[in-house]
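Every number here is computed from the coordinates shown, using simple stated rules; none is lab data. Since the model is a prediction, treat every value here as computed from it, not as a measurement. Note that we place each Cβ from the backbone using ideal geometry, even for glycine, and neighbour counts take in every protein chain shown.
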Amino acid sequence: MPVMTDEKREGELLKIWVEPYARLPVDKEAFICEIPHLNGLEPFSPFGYYIKRKLFIHNLGHSMCPFLGWQKGYDYIANVLRTKKSDY
């Protein structure tokens, strides 16, 4: 996740900062005509493999942080990220 500077955070307690994401994976087999050439459109076949890859690789990293934090009794994910690998 990109770092939000104090300057960008100032005056906006609820401001959310995210990475740019310009990809739209789609099921290649679901198209009945030629797939349009659009920036960011990424046809996959079989689409189920893409979904499994996302769940088991991308989402795994997101789920491991709170799980490891819970094991250590942390309240914040930032504490997990500061913990050395050898402490687990």
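Here is how the numbers come out for the structure above:
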item: Flag if residue 79 is out of contact with any strand residue (DSSP E or B) (no Cβ under 9 Å at 6 or more places or on another chain), at negative phi and surrounded by 12 or more Cβ atoms within 10 Å (Cβ to Cβ); result: yes
item: Among residues of segment 46-66, those that are more than 25 Å from residue 20 (Cα to Cα) and either surrounded by 12 or more Cβ atoms within 10 Å (Cβ to Cβ) or among the polar types (S, T, N, Q) (or both), counted; result: 0
